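The values are calculated or read from the model by the stated rules, or taken from the named source; none is laboratory data. The structure displayed is predicted, hence computed values, not measured ones. Note that we place each Cβ from the backbone using ideal geometry, even for glycine, and neighbour counts take in every protein chain shown. Please note that ligands, DNA and RNA were not included when accessible areas were found on the heavy atoms of the full protein model with its side chains. Shrake-Rupley method; radii C 1.70, N 1.55, O 1.52, S 1.80 Å.
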Amino acid sequence: MSLPLPVLINAVATALAGEVAPALQQLGQPAAPDANYAGGTAATAAMILMLAAAQAAHGPAREDAAIAAARPLLGDAAASRDARHAALGAALATGDRAALALLIAEAEAAYLALGLPAPVPVD
Amino acid sequence: MRRRALRGCSILPAEALARFLSGHWGEPVSIAGLKRFHGGSARQTYRFDATGASGRREALVLRRDPPSSLIETDRWREYRAIQGFAGSAVPVPEPLFCDAGPGSFESPGFLMREVAGGQAAGLLDPQAYGEHGAAVGQQFFTALGHIHAADPASAGLAAPAGHPALARLAHWQAAFAADQFRPEPVLDAAMAWLAANPPPPPPRISIVHGDYRSGNFLHDGAGRLLAILDWEMVHAGDAHEDLAWACDPLWSHFSGLAGGMLPLAAAVAAWEAASGLALNPQAWAWWRIMAQVQGLVIWISAAREIIDGRSHDPVLMFAGTIPYRFHSLTLARALEGL
């Protein structure tokens, strides 16, 4: 992809919102109550498809990185998302800051994969 | 909260509206321009033009539950809240008729007059209010203060039993317990901290809108706030709840401004002036964490609807992905400072 993901998503969403609803109306449903709804739904669906494609492309590498980072602390429990998070949760409940650091790193990587601007504190 | 049934075709036919309004107006009514708004998965929202045989013509909005919904709702509570603020300093759509049963609209719902020319911000819109952000924000946070200055009894809202903050925590803990589908250690840790560090009780119980944020109001695109929408989560409680939710970074359009409109200090000042309340720093810190917890539970519940096949609405897929990851990150970072 040569364009940033948000740009692509916006382009697809805009195109669908502008095209799908009018197309439905031209197909003989000018009074269909969900013609407008279909346009919005299609736009959101397109965004989800884009996210899914990004997830498919980068998710496995992200998971491998999370496993590698957690293995020194958790051993084999690091190998799957649910087992890893259960173990990190147990460690976090005891005040383990290393567990929190791993969870933050995972959350950062997952958010970064969305291709959106970083959260900006309101303070 | 009970589970919703799988929804089938749930389009409201124009004939049903014409039949209802003909009886309500006492004359034959025709319906034109019926369209359903995208989003707002808990409710269906339609707009349409009704024209009576006498020439009477009104642009109306209907909000109703999906016909197959089994979710427990209190349509009257939402409607009464809107009614209570109609004609006040809090702009709301003009409420017209409510039926808490399925008789009028095939499921519980209510009619309002359409707010002409209104537009609402999208979550990912980086320039949601353009050059009018400060003006709209001043009105937005002032209106919030006016809501919090009102008597909950006027909207028929009972005060929460016990500590209002812990009551809300219990509410979201129960929702999380019902919808959790995988380990959520950050959420668990945040809930444990909230339970162990309750804020001071508020000086008075307020009407809490429950979902007061950018995107849940209409503005005219030229700096004027037109109507506060989406009162379906209204309840009585601590005013800090609304303020913290409205100022959560998720609703800031990546700007660092409260609601994407005002610097935080200005937003708080507008709210304090209109509400007569003073921000309590301890309560504020607690409710800011709580806002992220509430968000995460909502996004997890949305994802659960999809996972369990009860809904195929992409809006819920969106909620379970983008806002989920946003709050997973901000809440994890917030834990560092606790």
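Structure above, values below:
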item: For B:Ala302: the one exception among (1) touching a His at 6+ places or on another chain (Cβ under 9 Å); (2) under 19 Å from B:Arg213 (Cβ atoms); result: (1)
item: Total residues in the stretch B:191-209, condition open to solvent by less than 70 Å² (accessible area, probe 1.4 Å) and in a loop (DSSP other than H, G, I, E, B); result: 7
item: Number of the condition not met by B:Ala267 [criteria: (1) more than 9 Å from every other protein chain (Cβ to nearest Cβ); (2) assigned to a helix (DSSP H, G or I); (3) not basic (Lys, Arg)]; result: (1)
item: Residue tally, condition within 12 Å of another protein chain (Cβ to nearest Cβ), exposed (fewer than 14 other Cβ atoms within 10 Å of the Cβ) and in a helix (DSSP H, G or I), over the stretch A:60-90; result: 1
item: Check on B:Gly260, on the phi > 0 side of the Ramachandran plot and surrounded by fewer than 24 Cβ atoms within 10 Å (Cβ to Cβ); result: no
item: Residues that are out of contact with any helix residue (DSSP H, G or I) (no Cβ under 8 Å at 6 or more places or on another chain), closer than 18 Å to B:Ser88 by Cβ and open to solvent by 10 Å² or more (accessible area, probe 1.4 Å), drawn from the stretch B:217-251; result: B:Leu218, B:Leu226, B:Leu229, B:Asp230
item: Residue match in the stretch B:180-203 (condition: closer than 22 Å to B:Arg325 by Cα, at the interface with chain A (Cβ under 10 Å from one of its Cβ atoms) and touching a Pro at 6+ places or on another chain (Cβ under 6 Å)); result: no
item: Matching residues, the stretch B:12-55, being away from chain A (no Cβ under 11 Å) and within 23 Å of B:Ala302 (Cβ to Cβ); result: B:Ala42, B:Arg43
item: Residue within the stretch B:118-134 that is touching a helix residue (DSSP H, G or I) at 6+ places or on another chain (Cβ under 6 Å), assigned to a helix (DSSP H, G or I) and open to solvent by 40 Å² or more (accessible area, probe 1.4 Å) present; result: no
item: Residue tally, condition under 18 Å from B:Ala81 (Cβ atoms) and surrounded by 19 or more Cβ atoms within 10 Å (Cβ to Cβ), over the stretch B:151-190; result: 6
item: The stretch B:270-296, residues that are within 14 Å of another protein chain (Cβ to nearest Cβ) and touching a helix residue (DSSP H, G or I) at 6+ places or on another chain (Cβ under 7 Å); result: B:Trp271, B:Leu279, B:Trp284, B:Trp287, B:Arg288, B:Ile289, B:Ala291, B:Gln292, B:Gly295, B:Leu296
item: Every residue from the stretch B:87-107 that is within 30 Å of B:Gln138 (Cβ to Cβ) and in contact (Cβ under 8 Å) with a residue 12 or more places away in the chain; result: B:Ser88, B:Ala89, B:Val90, B:Pro91, B:Val92, B:Pro93, B:Glu94, B:Pro95, B:Leu96
item: Number of positions in the stretch B:305-326 that are in a helix (DSSP H, G or I) and within 21 Å of A:Glu106 (Cα to Cα); result: 8
item: Qualifying residue in the stretch B:325-337 (condition: surrounded by fewer than 18 Cβ atoms within 10 Å (Cβ to Cβ), within 14 Å of chain A (Cβ to nearest Cβ) and acidic (Asp, Glu)); result: yes
item: Which numbered condition B:Ala174 fails, given (1) of a type outside the set (S, T, N, Q); (2) part of a loop (DSSP other than H, G, I, E, B); (3) within 30 Å of A:Arg97 (Cα to Cα); result: (2)
item: Any chance B:Arg168 is at pLDDT 95 or above and not in a helix (DSSP H, G or I); result: no
item: Selected residue [surrounded by fewer than 16 Cβ atoms within 10 Å (Cβ to Cβ), modelled with pLDDT of 95 or more and within 21 Å of B:Leu226 (Cβ to Cβ)] from B:Ser30, B:Ser88; result: B:Ser88
item: Members of the stretch A:98-123 that are among the small types (Gly, Ala, Ser), part of a helix (DSSP H, G or I) and more than 8 Å from every other protein chain (Cβ to nearest Cβ); result: A:Ala98, A:Ala101, A:Ala105, A:Ala109
